[in-house]
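Here the structure is laid out as structure tokens; the discussion comes afterwards.
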Amino acid sequence: MLVLTGYALIAVKFAVGILTLIVQINIMGKGNLAPSSAFDQVQNYVLGAIIGGVVYNDAIGLIKFTLVLLIWTILVLIVRFGTTHYAFIKRNIDGSPVVLIEKGDILIEECLRHGIGANDLHLKLRMNNVSEIRQVRRAILEQNGQLTVIPYGTQTVRYPLIVDGRIDTGILEIMDRSEEWLRETVRDYGYDVSELFMAEWVHDRLEVYPYPK
């Protein structure tokens, strides 16, 4: 029976780790390459820690290493399935967009609640080429930590009300609209919410993108 030791074992572990990473990317999509949520970031950190921490540990053999990667992949798939099909799971894991600036006024309580200090807010505004807060019609903290700034004078403001067949209640709250209003509007187009891949509110009208039949 062939027993791998030393650099041979390290090389095989690296190969298994890279293969696992490729499989996860192909199964869960290339969004992991550019994390758009807290869970995407955690997933990449943990996978990197597993591979980096185990590869050089001779006490952990190839079989144990492979089983650990398999367990982590299964857990990620379960969470991914939950966030894709159940809105309350996605909301609790990935969070929802948060308005930090509304009509030129800073919502200080929201900033403090989400750990955004004055320096952080100013930095994010400067990165969006904003020099004065009064120029901001609305600033939204996204799930990935980026700040979306909508200045006054912007003609096209897009609100993704439906994503993956689910209503984004956070965006509805920002627009001060109800789920009943959105469902009724969608029905006017001849669809149900679950039949839409995406729906955006643009120029005071709803643009719908249904799943192919």
Quiz item: Can you tell me which residues in the stretch 164-210 are surrounded by fewer than 12 Cβ atoms within 10 Å (Cβ to Cβ) and at positive phi?
Solution: Asp176, Gly190, His203, Asp204
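Can you find, within the stretch 128-147, the residue that is modelled with the highest pLDDT among those that are among the polar types (S, T, N, Q) and within 13 Å of the chain's Cα centre (by Cα)?
Gln146
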Exercise. Search the stretch 40-52 for residues that are under 19 Å from Phe81 (Cβ atoms) and pair each with any residue that is modelled with pLDDT under 75 and in a helix (DSSP H, G or I) when their beta-carbon atoms are under 8 Å apart and the residues are at least 6 apart or on different chains.
Key: Asp40/Gly31; Asp40/Asn32; Gln43/Asn32; Asn44/Asn32
Self-check item: Any chance Arg205 is of a type in the set (D, E, K, R) and closer than 24 Å to Thr83 by Cβ
Solution: no
Exercise. Return the pairs, sorted by first residue and then second, in which the second residue is modelled with pLDDT of 75 or more and surrounded by 16 or more Cβ atoms within 10 Å (Cβ to Cβ), the first residue lies in the stretch 86-99 and is within 15 Å of Gly115 (Cα to Cα), the beta carbons are less than 6 Å apart, and the residues are 6+ apart or on different chains.
Key: Gly95/Gln143; Pro97/Ile140; Val98/Leu141; Val99/Ile140
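Against the condition surrounded by 15 or more Cβ atoms within 10 Å (Cβ to Cβ) and in a strand (DSSP E or B), how does Leu161 come out, does it pass?
yes
The values are calculated or read from the model by the stated rules, or taken from the named source; none is laboratory data. Bear in mind that the values here come from a model prediction, so they are computed numbers and not experimental data. Every residue, glycine as well, gets a Cβ built from its backbone with ideal geometry; the counts of neighbours run over all protein chains shown.
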